[in-house]
Amino acid sequence: MCGIVAAVAQRNVQGILLEGLKRLEYRGYDSAGMTVMHKSALTRHRTVGKVAALDECLANAPLPGKAGIAHTRWATHGKPTAANAHPHHSDDQVAVVHNGIIENFEGLKRELEAAGYAFSSQTDTEVIAHRLADTLAGGATLFDAVQHTVRTLGGAYALGVMSPREPGVVIGARQGSPLVVGVGIDEAFLASDPLALLQVTDRFIYLEEGDLVELKNGGRIRIVDRDGQTVERPVHMFEYADGAASKGNYRHFMLKEIFEQPAVIGAALEGRLGEASALAESFGPEAPALFAQTRQIQLIACGTSYHAGLVARYWLERYAGVPVQIEVASEFRYRHPVVADGTLFVTLSQSGETADTLAALRFAKALGYVGSLAICNVPGSSLVRESDLALMTRAGPEIGVASTKAFTTQLIALMLLTLAVGKGRASAGEQAEIVAALKTLPDICRQVLALDGDIETLAQAFAEKRHALFLGRGAHFPVALEGALKLKEISYIHAEGYPAGELKHGPLALVDSEMPVISVAPNDALLEKLKSNLQEVRARGGELFVFADEGVGIDDSEDDVTVLYLPPVHEALAPLLYTLPLQLLSYHVAVLKGTDVDQPRNLAKSVTVE
């Protein structure tokens, strides 16, 4: 949930580290810190709040040096204070930055206190610093000290470590939390995400579970695996330009990413559609054989990805004829599931490092699934490497914490899965219609985004509201859930999503003039039932905001109903289209309320802790 950046270079690294932190701030932004090696001594600054506070501190008191580590934090153990911020030192003999959670830190802390070490923070990370210092005091090299220390740690971690005993060296370690090596010209870098280092390199090594890496002066890199063997890991070129991590002319990353959706939807489809179906080989060369064995699908995800999976359940059962179960990853891994023969295990994650989803995949490997498929946005991620098949969503970097284009490209990937699994089982004519509709979808999305001005005006009705209710039916119930999630994430308005048919079973009690009700009304088989549900809201004095198909004929002549019409789209793809105005609505409400749109309080982008 936090961000690491480290460098061993031929130049002053302060600017490299600071820029890396700014690019990683989406991962954590309640405190930040930096340690740089200067004249064989550790020098450090730590500040509370966003990286801008650290930037100001460095402007007044620079940290010159050619090797350093830095960190931006999202708190787990201990409140956001300077004392709890990373890097953590032990007697100025070692400095550590850490992502993840050390589950056995309390026992380690007791041992270290008994040995005379004094703790100055509430964090689990400080035990690592003192363990390293204790091992170094016995004469170990820094690499050996890290190797010894990590064997005693339980939980998840990515580490960056320095010591004045070896001034031109940074050690990294990865177990359950992502860490990449940036390969420069006579320089080497570490980061939680390649985005942090795009200003200095576009070549990356993705460390695997249990790897330790040593970075030395001159760009020397040595990697040792969990068995202690020196290994070579492939170097990958980063596929997105550095500009992908900037806002461009947009006020916020979220708005930019909303408007990128027609392009990334097109990218997600490119080369994956035949004349009348999806190309199963897009999922990997073994996919056609594996899909032929598939009799049932288990979907696993968290947050927004879970909502994408809920939509896909309707698709897979209707258009592929395959039964589907879906579960939140954090619940699935603590159950004792019974696995039906021929069940394909499918995980969804933007980052591919979501801790609960990754743990669920590892848990599932011993349960007898016919195979595993990852739908993900990061090619080198753990989820992709550890799955039998993978389909990249091609969304490009998503910086805004509230997911937008990652969600819609996941839906595209799931529709491709529906078509690929359903080939030969479902109506060929129906498949061909969906394929034709997919090819027109980017243009229809552009038409919806052109309604941005109307949605901005509509958002003014929510500026003083404290609660909202989102309604949908069928595959649009998950769209309502996602709309409510976006609104609560970035505007801090309490919002709930419900299937419209459930109104009479409780939520109707909440409806009054202060509870705006937002509904999506595509032109489908459930439309008339939805209209009846909307009348129930009006009869209780509720104010309705409806995003509707041009042909549905909802009466908006009264003051209590506002209807915004969307262009027609194939029924199967309507959940994708109707997501867009809900994203824009949430964005504009948040702007009106003056919240931090890209970095909402208490949240972080990549949830790499349980």
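Every read-out reported here was derived from the displayed coordinates using simple, explicitly stated rules and does not represent laboratory data. It should be emphasised that the depicted structure is a prediction, and the values quoted were computed from it without experimental measurement. Positions of Cβ are generated from backbone atoms using ideal geometry, with glycine treated the same way; all protein chains shown enter the neighbour counts.
Hey, which lysines would be in cross-link range of K66, C-alpha to C-alpha under 17 Å, not counting anything within fewer than 8 residues on its own chain?
K66 reaches K39, K216.
Please work out how much length the chain gains when fully extended from D225 to A366, using 0.36 nm per residue of separation minus the C-alpha to C-alpha distance, in nm with one decimal.
48.4 nm is the gain from fully extending D225 to A366.
Net charge near H86: determine it from the other residues with C-beta under 9 Å of the C-beta of H86, scoring Lys and Arg +1 and Asp and Glu -1.
+2
Got a sec? How would I297, I375 order by Cβ neighbour count within 10 Å, fewest to most?
Ranking I297, I375 by Cβ neighbours within 10 Å, fewest first, gives I297, I375.
Distance from the Cα centre of region 60-79 to that of region 290-314, in angstrom?
Their Cα centres are 40 Å away from one another.
I'd like the trypsin sites (Lys or Arg not before Pro) in region 148-242 restricted to DSSP loop residues with at most 12 other Cβ atoms within 10 Å, sorted by number.
Answer by residue number: R151.
I need I205, I490, I69 ordered by Cβ neighbour count within 10 Å, fewest first.
Least crowded to most crowded, the residues run I205, I490, I69.
Determine the percent antiparallel among the DSSP beta bridges restricted to the chain, to the nearest 5.
60
For a quick check: sort D356, D202 by the number of other beta carbons within 10 angstrom, fewest at the front.
Least crowded to most crowded, the residues run D202, D356.
Amide H neighbours of L273 under 5 Å, counting only residues 5+ apart in sequence or on other chains, H built in-plane at 1.01 Å?
Here L279 satisfy the definition.
Going by average Cβ neighbours within 10 Å, how do the peptides 122-130, 183-191 rank, with the highest at the top?
Taking the mean over residues of other Cβ atoms within 10 Å, the ranking is 122-130, 183-191.
Residues with amide H under 5 Å of G371's amide H, sequence separation 5 or more or different chain, H placed in the peptide plane at 1.01 Å from N; which?
When sequence neighbours closer than 5 places are left aside, the close amide H contacts are F345.
Which entry in [x] 206; [y] 154; [z] 164 matches volume of the Cα convex hull per residue in Å³ derived from the coordinates of this structure?
[y]
Alpha carbon centre of region 132-175 versus region 462-481: separation in Å?
49
Using packing as a proxy for protection, rank 404-413, 281-290 so that the peptide with the highest average count of other Cβ atoms within 10 Å comes first.
So the peptides 404-413, 281-290, ranked by packing, come out 404-413, 281-290.
If you take the beta carbon distance between S513 and R165 as r and set R0 to 60 Å, what does 1/(1 + (r/R0)^6) give as a FRET efficiency, to the nearest 0.05?
0.30
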